[in-house]
Amino acid sequence: AVMIRVLEVHSAFNWGGVENRLIQELPYFDKSRFRLEFFASHVEPFYAERMASLDAPLLRAPDPRNYCQYLRRLWGVLDERGPYDIVHSHFGDHNGAVLWTAHRAGVPARISHSHNDFDVWRHEVGSARRAYFLAGRLLVRRYATCGLAASARAAASYYGPNWSADQRWKVLPCGIDLQPFRAP
């Protein structure tokens, strides 16, 4: 079997839903077929220990607010540790730059993941941040080979109102493991 190398790109690995979901799924990946590595800045110790115990390397990133340094480090990881088969970016406003960098590094599959309806906050941020976000969406549309969204609203806000007409964009609802909440 061919080993598929995946770089999961995040801003930080804190106590969020995306992070919990990935850590819950990590033990179920077929390690003979998939090699997952994580690129993130601040990482809660619990997550770092869990990644290490499951042989999923954590590659430390600079704070993403230091944008140029963050992208240089991402480029270095892709260049030095590659080749990767997939870059999966969970980064909201930086997805476009992440996927552009992955494209430049020759990564064949570049996945953008929209976990939120960004229209809710886009109108509340300043014009510079709004322009950056819109430019990032254009980069996503150009460099993503696939785009996932947690809901139709998350897809529309990130991939555009006609997202369903483009076969690259898919809704992948987040499943939640309810077992810990079941009554004994």
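The values are calculated or read from the model by the stated rules, or taken from the named source; none is laboratory data. It should be emphasised that the depicted structure is a prediction, and the values quoted were computed from it without experimental measurement. Neighbour counts run over all protein chains shown; Cβ positions are idealised from the backbone, glycine included. Calculation scope for accessible area: heavy atoms of the full protein, side chains included, ligands and nucleic acids excluded. Shrake-Rupley method; radii C 1.70, N 1.55, O 1.52, S 1.80 Å.
Per the helix-only calculation at 222 nm, which mean residue ellipticity applies to the chain, given -39500 (n - 2.57) for every DSSP H run of n ≥ 4 and division by its residues, nearest 500 deg cm²/dmol?
Result for the chain: -11500 deg cm²/dmol, rounded to the nearest 500.
DSSP loop chymotrypsin sites (Phe, Trp or Tyr not before Pro) in the stretch 12-88 with at most 13 other Cβ atoms within 10 Å of their Cβ, which ones? All intermediate terms of the calculation are to be shown ahead of the outcome.
Values: sites: PHE13, TRP15, TYR28, PHE29, PHE34, PHE38, PHE39, PHE46, TYR47, TYR67, TYR70, TRP75, TYR84; in loops: TRP15, PHE29, TYR84.
Listed in order of number, the matching sites are TRP15.
Taking the 1.4 Å solvent-accessible surface of the chain as the whole, the part contributed by carbon and sulfur is 56%.
Name the longest site-free stretch of the chain, where the excluded sites are trypsin sites (Lys or Arg not before Pro) in a DSSP loop with no more than 10 other beta-carbon atoms within 10 Å. Result for the longest clean stretch: 66-181. HIS42 exposes around 100 Å² of accessible area when a 1.4 Å probe is run over every protein chain in place. Over all other residues within a Cβ to Cβ distance under 15 Å of MET3, the charged ones net out to +1, with Lys and Arg as +1 and Asp and Glu as -1. Altogether, the Stokes-Einstein calculation at 10 °C and 1.306 mPa s, with the Kirkwood radius of the chain over Cα pairs as Rh, returns a diffusion coefficient of 93 µm²/s. Charges were assigned to the Cβ only: +1 to each Lys and Arg, -1 to each Asp and Glu. The resulting dipole of the chain about its Cα centre is roughly 500 debye. Measuring how big the stretch 82-184 is from its alpha-carbon positions, Rg and Dmax come out at 15.2, 52 Å. Between PRO45, PHE29, GLY92, the Cα set farthest toward the positive side of the dipole of the chain (charges on each charged residue's Cβ, about the Cα centre) is that of GLY92. Once the mean of 1/r is taken over each pair of separate Cα atoms and inverted, the stretch 52-118 shows a Kirkwood hydrodynamic radius of 12.7 Å. For the chain, relative contact order (Cα pairs under 8 Å, six or more residues apart, normalised by length) works out to 18 percent.
For the chain, the solvent-accessible area of protein heavy atoms averages 54 Å² per residue (probe radius 1.4 Å; ligands and nucleic acids excluded).
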